[in-house]
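The values are calculated or read from the model by the stated rules, or taken from the named source; none is laboratory data. On a predicted model such as this, the values are computed, not experimentally measured, just so you know. Please note that ligands, DNA and RNA were not included when accessible areas were found on the heavy atoms of the full protein model with its side chains. Shrake-Rupley method; radii C 1.70, N 1.55, O 1.52, S 1.80 Å.
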Amino acid sequence: MNLFSLGRTVLLVAALLTLSNNILAASPRINYLLYCTGCHAADGAGKPPNVPTLRDELGRMISVPEMRSYLVRIPGASQAPISDADLTAVINWLLHEFNSDTLPANFEEYTVEEVSSARRNILADPLKYRAEHWKTYDE
Ligand code: HEC
């Protein structure tokens, strides 16, 4: 291999890495798989009673303003090591993917600004907050 083709190979590898990084960063499905599936499972079913399902009920709860921010303030979401934009995409994605039957007709997707300020306001006691503004897990 001469220097010229070596240089071309390096450029090609660099281009492929950039491409795959962009694909990974851009995909909420992959971020969900990386940062949420360990507990909530690939299909969002969770492991009740310890880890709640992310299917169907979220679509109902987001009509309550306190619960709309709750989805982002929950530690598993707010503490995920991903950017505000990526977390916003994951939340919008899981609402469409796992809650399409229950989403209100006037559902407005989360904005990055909304997620950015909500996630900084981490819930110290998610179970208590949920019980106060929505209901307990076993109701
Ligand atoms: C280490 C395990 C774990 C990980 C990882 C995790 N969660 Fe959770 N999640 C939980 C548990 C446990 C609860 C129940 C509330 C609590 O104790 O925080 C929960 C609750 C939730 C709820 C509220 C559901 C309800 O019905 O009240 C949402 C929404 C949520 N998680 C989203 C996510 C998202 C999005 C991610 C990935 C970015 C994620 N979680 C990652 C364990 C996890």
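Here are the numbers for this structure:
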{"quantity": "Probe 1.4 Å, accessible area per residue of segment 28-133, Å²", "calculated": "53 Å²"}
{"quantity": "Gain in span if fully extended, Leu33 to Lys135, counting 0.36 nm per residue against the direct Cα distance", "calculated": "34.0 nm"}
{"quantity": "Carbon and sulfur %, accessible surface of segment 28-133 computed with the full protein complex present, 1.4 Å", "calculated": "55 percent"}
